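Written below as structure tokens is the structure these notes are about.
Just so it is clear, none of the values below were taken in a lab; they were calculated from the coordinates. This structure is a prediction, so every number in the text was calculated from the model and none was measured. For neighbour counting, all protein chains shown are included, and Cβ atoms are generated from backbone atoms with ideal geometry for every residue, glycine included.
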Amino acid sequence: MMYLQVYVNTLRNWVLLGTEKCLVKPMLFITNTSGVEFTLLVDFAQQLGWEVFPAPKLNKHGIPFIKDMYHDAAARVPNCSYYAYSNGDILFSHGLIDTLHAVSRVWITSSLI
């Protein structure tokens with residue numbers, strides 16, 4: 001049951017990074033669709049503004065291929081500047097957004113030269 005709180009914390013954390021300003025568009029790719037805890041997590045994610053999709057392609061052990069998740073995300077949000085993957089137990093501060101803005105400024109400046 002402890003892992004459930006970890007996932008809840010992660011779902012909340014990504015919202016704090018700016019989903020209301022469209023800075024972050026969190027997508028949850030799922031592979032397991034059974035169980036009460038799973039259903040509660042998916043419902044909670046959707047209430048927080050996450051989009052939930054089945055993982056596009058799995059290996060023979062039921063593990064999703066990250067490449068296919070990136071392709072799926074890029075097809076769903078084609079004008080996005082950055083795509084990222086994170087495990088469900090990693091939290092970020094707003095420093096992530098600040099870093100991406102800094103990288104964008106450097107990239108724009110260097111492309112003008």
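Here the scattering of the chain is modelled by Debye summation over its C-alpha atoms, one equal scatterer each and no solvent; at q = 0.13, 0.14, 0.20 Å⁻¹ the log10 of I(q)/I(0) is -0.57, -0.66, -1.22. Positive-end ranking of L11, Y82, T33 along the dipole of the range 2-112, with charges on Cβ about the Cα centre, is headed by Y82.
FRET efficiency for the A75 to Q5 pair, using the beta carbon distance and R₀ = 41 Å, is estimated at 0.80.
Of P56, P64, P78, which has the largest mean-square fluctuation in a 10 Å C-alpha GNM of the chain? Residue with maximal mean-square fluctuation among P56, P64, P78: P78. Tell me the mean residue ellipticity at 222 nm calculated for the chain from its helices only (DSSP H runs of n ≥ 4, each -39500 (n - 2.57), averaged over every residue, nearest 500). Result for the chain: -16000 deg cm²/dmol, rounded to the nearest 500. What you get for the chain, charging only the Cβ of Lys and Arg (+1) and of Asp and Glu (-1), is a dipole of about 280 debye around the Cα centre. Measuring from label point to label point, each 7 Å out along Cα→Cβ, what is the D68 to K25 span in nm? Each label point is offset 7 Å from its Cα along the Cβ direction, giving 2.2 nm.
To the nearest 0.05, what FRET efficiency results for D98 and L48 with a Förster distance of 25 Å applied to their C-beta separation? Walk me through the intermediate numbers first.
Numbers: r = 22 Å, r/R0 = 0.88.
Computed FRET efficiency for D98 and L48: 0.70.
Phi angles across the range 81-90 convert, under the Karplus curve 6.51 cos²θ - 1.76 cosθ + 1.60 with θ = phi - 60°, into 3J(HN,Hα) values of 7, 9, 10, 9, 10, 9, 5, x, 10, 10 Hz, Gly and Pro given as x. Here the Gaussian network model covers the chain, with springs between Cα atoms less than 10 Å apart; of L96, L11, L28, L96 fluctuates the most.
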